[in-house]
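Just dropping this structure here.
The values are calculated or read from the model by the stated rules, or taken from the named source; none is laboratory data. The structure displayed is predicted, hence computed values, not measured ones. Virtual Cβ from ideal backbone geometry, glycine too; neighbours counted across all protein chains shown. Only protein heavy atoms, including side chains, enter the accessible area calculation; ligands, DNA and RNA are left aside. Shrake-Rupley method; radii C 1.70, N 1.55, O 1.52, S 1.80 Å.
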Amino acid sequence: MTITGKDRYEAVKAVDRQIKYQGKWRKKGNRITQVQACKKVDISTHQYRKWKAIISKNVSKPLDEIYSLLEDKRYAPNKLTAQQEEIVIKYAEEFPDKSYREIAKNIEEEVGRKLHHGTVSSILKK
């Protein structure tokens, strides 16, 4: 049986509901933890955090699109898009004498997010 994006979405929402409900009504020492809530829903905390990140990064998108992102195993919420990678490549071609650190620092505004020099390095080595 394969798990669909909708199933993953519902699992994340179930964990959130358990944490919210249990945390609100139980005494401070008896509150449910994220690990316990994930065990009740039968998913790992790693899966929960990964799926939760995808959902929270794409909250403004329609549910069908979020479901498809949850199904895509290659999707990572912090990964650069193809257009952002092209900006890095073009800049590096224009200024071949610049280091990875300088490239990352100089094009952060163009890309629209903070870049690490290791990210620039891995893009240019492809």
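What's the number of the condition ILE123 fails, among (1) loosely packed, with under 14 Cβ neighbours inside 10 Å; (2) not in a loop (DSSP other than H, G, I, E, B)?
All conditions are met except number (1).
OK, next. Please go through the stretch 105-120 and pick out each residue that is closer than 18 Å to LYS79 by Cβ and either loosely packed, with under 14 Cβ neighbours inside 10 Å or touching a helix residue (DSSP H, G or I) at 6+ places or on another chain (Cβ under 6 Å) (or both).
If the condition is that a residue be closer than 18 Å to LYS79 by Cβ and either loosely packed, with under 14 Cβ neighbours inside 10 Å or touching a helix residue (DSSP H, G or I) at 6+ places or on another chain (Cβ under 6 Å) (or both), then ILE107, GLU108, GLU110, VAL111, GLY112, ARG113, LYS114, LEU115, HIS116, HIS117, GLY118, VAL120 are the ones that fit.
Could you tell me which of the residues LYS40, LYS57 is under 15 Å from GLY5 (Cβ atoms) and either within 14 Å of the chain's Cα centre (by Cα) or surrounded by 12 or more Cβ atoms within 10 Å (Cβ to Cβ) (or both)?
It is LYS57.
While we're looking at this one, here's another question. Inside the stretch 86-104, can you point out the residues that are open to solvent by less than 70 Å² (accessible area, probe 1.4 Å) and either touching a Cys at 6+ places or on another chain (Cβ under 6 Å) or not in a helix (DSSP H, G or I) (or both)? Working first, answer last.
Start the filter on the stretch 86-104 by keeping residues that are open to solvent by less than 70 Å² (accessible area, probe 1.4 Å), which leaves 87-89, 91-92, 98-99, 103-104.
Listed by number, the residues that qualify are LYS98, SER99.
Scan the stretch 40-53 residue by residue and report those that are assigned to a helix (DSSP H, G or I), in contact with a helix residue (DSSP H, G or I) (Cβ under 6 Å, 6 or more places away or on another chain) and within 11 Å of ARG8 (Cα to Cα).
VAL41, TYR48, TRP51, LYS52
Sort through ALA14, ALA76, ALA53 and tell me the only one that's modelled with pLDDT under 85 and of a type in the set (Gly, Ala, Ser). I'd like the intermediate steps shown before the answer.
Numbers: ALA14 fails: modelled with pLDDT under 85; ALA53 fails: modelled with pLDDT under 85.
Exactly one of ALA14, ALA76, ALA53 is modelled with pLDDT under 85 and of a type in the set (Gly, Ala, Ser), namely ALA76.
Considering the stretch 62-85 alone, what residues qualify as being open to solvent by 70 Å² or more (accessible area, probe 1.4 Å) and part of a loop (DSSP other than H, G, I, E, B)?
Across the stretch 62-85, the qualifying residues are PRO62, LYS73, ARG74, ASN78, LYS79.
I've got another one for you. Can you tell me which residue among GLU102, GLU65 is acidic (Asp, Glu), over 30 Å from GLU10 (Cα atoms) and without any contact (Cβ under 8 Å) to a residue 60 or more places away in the chain?
Answer to the check: GLU102.
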